[in-house]
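Every read-out reported here was derived from the displayed coordinates using simple, explicitly stated rules and does not represent laboratory data. Just so it is clear, the model here is predicted, and its values are computed rather than measured. Every residue, glycine as well, gets a Cβ built from its backbone with ideal geometry; the counts of neighbours run over all protein chains shown.
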Amino acid sequence: MTDILIFLLITIFLTFLSRKLNLLPNFTGENHQYFLKEKKIPLIGGILFLISSINLFYEKNLIFCFIILTIFIIGFLSDNRIINSPKIRIFFQSLVIFIAVYSLDIQISSTRISILDKLIDIKIFGIIFCVFCLMILINGSNFVDGLNGLLLGYCLIILFILAKSDLLYLIQIEEDLLLFFFLSIVIMLFFNFFNLFYLGDGGSYSIGLVLGFLLISIYNFSNNISPFFIILLLWYPCFENLFSILRKNKFKNSPIVADDKHFHQLLFFYIKKRFLKNTLFSNNCSSILINFYNLLVMLIATSDIYSSNFQTLLITINILVYCIIYRYLFIYRFSKK
C-alpha cells in the first residue's frame, strides 16, 4: 500500500501544481469541446497513467514500456498543438504501432472466421491486421474520452471483468503490480470525475494501447476464449470510431477531423437540456449512464465467454441499441430549435 499512497501524493501534488501554475491547460473552445467550458483544466492524466502503466510492465516487457512512452509523446505533442495535423498523428501512430507489433511479435492468433484466419496466417497480412485493430482502438479511445470518467471508468470495468473471469492471471504479472495498476486508475478516475484534470490525447492513446495489448495477450494465452468476447469488451470505443468514419463520410466530412456529434456528446446535450442545467452534473451523469450500460452487458457476457454465437448476439444487440438511441439523440440535438 506504500506505493499506492506515494502515487496518490504524486497525483495531488501534480494536480495542485499544474492548476496553480496553469501548466498543460486544455485548449477549450474548439467545436468538439464546446461542453467543457473551463480552459484551465490541466492535461496531466496521461502523465499519471504513463507512470502507472510503465510500473505494470517494466519488469516483464521494457520494450513495451518504450512503446507506451512513444505513443504518449505523440498524444502529448497533439495536446500542446505541436502536431496539429490529424494525418501526421495517424502516420506516427501507425509507424509506432507497426514497430511494436513487429518487434514484440504481437499477433491475433485466430478470429474464428475461416477466411480471415487464412489471411492472418500470412505474416505480413497478420501484422497489418493487428496494426489496424490497435489503431481503431487507440483512436476510438480518444473519441470516447470526452466526458469526465468515461474512458477511465470503461478501463476499470474491463479490468474488473477480466479479474472476475479469472483471466488477468494469464498475462503472468505479479498480483501486487496489477493491484497497484487498478487502484491508480481508481485514483485518477476520482480526480478526473471531479474535473480536476483531463487525460488528454496522450492519456487516451496510452489507455487504448495498453488495453489492446493486455487483451490480445490474454486471448493468445487461452485460445478457447471466444475472440468475440474480446471484441465485446472493446466494442464501444471501436464501434464509436468506425461509426464516426461512416457518419462523416455520409455527410461529406473528413473522417479524421473532430466534431461534436459523438454519442456521448449528444447524450450530454440531451441530459443537460432535459434534466440538468449544471454542466458538470450533466457531464458526469452521461458518463455514468454509458459505463453502467457497458458494465451490465459485460457482466452478461461473462456467463459464457467461450461461445462465439452468444458473444456475437450481444455485440449485435449493442450496435442496434447504439444506433437506435443515437438516431433519437441526433434528431433531438439538431432538429430542435
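Data for the structure
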{"quantity": "Cα gyration tensor shape of the chain, rounded if a/c is under 1.5, else prolate or oblate by comparing a/b with b/c", "calculated": "rounded"}
{"quantity": "Helix-only CD estimate at 222 nm, as mean residue ellipticity for the chain, using -39500 (n - 2.57) per DSSP H run (n ≥ 4)", "calculated": "-24000 deg cm²/dmol"}
{"quantity": "Farthest toward positive dipole pole in region 2-335 [+1 Lys/Arg, -1 Asp/Glu at C-beta], among A258, N192, F221", "calculated": "A258"}
{"quantity": "Only Lys, Arg (+1) and Asp, Glu (-1) charged, at Cβ; the chain dipole about Cα centre in debye", "calculated": "1860 debye"}
{"quantity": "Listed residues I122, P42, L14: farthest to the positive end of the dipole of the chain (Cβ charges)", "calculated": "P42"}
{"quantity": "Extension gain, D121 back to L5 (0.36 nm per residue minus Cα-Cα distance, nm)", "calculated": "37.1 nm"}
{"quantity": "FRET E, pair F221, F292, Förster distance 25 Å, beta-carbon r, rounded to 0.05", "calculated": "0.25"}
{"quantity": "Contact order relative to length of region 122-216, as percent, for alpha carbon pairs under 8 angstrom and 6 or more apart", "calculated": "50 percent"}
{"quantity": "Residue order, fewest to most surrounding Cβ atoms within 10 angstrom, among M298, M135, M1", "calculated": "M1, M135, M298"}
{"quantity": "Span-rule helices in the chain, defined as complete DSSP H runs reaching 15 Å or more along the axis (Cα) with Kyte mean at least 1.6", "calculated": "2-21, 45-57, 62-79, 123-144, 150-164, 175-193"}
{"quantity": "Length added when fully stretched, Y332-T312, from 0.36 nm per residue minus Cα-Cα", "calculated": "4.2 nm"}
{"quantity": "Most mobile of N142, N283, N55 in a GNM of the chain (Cα contacts under 10 Å)", "calculated": "N55"}
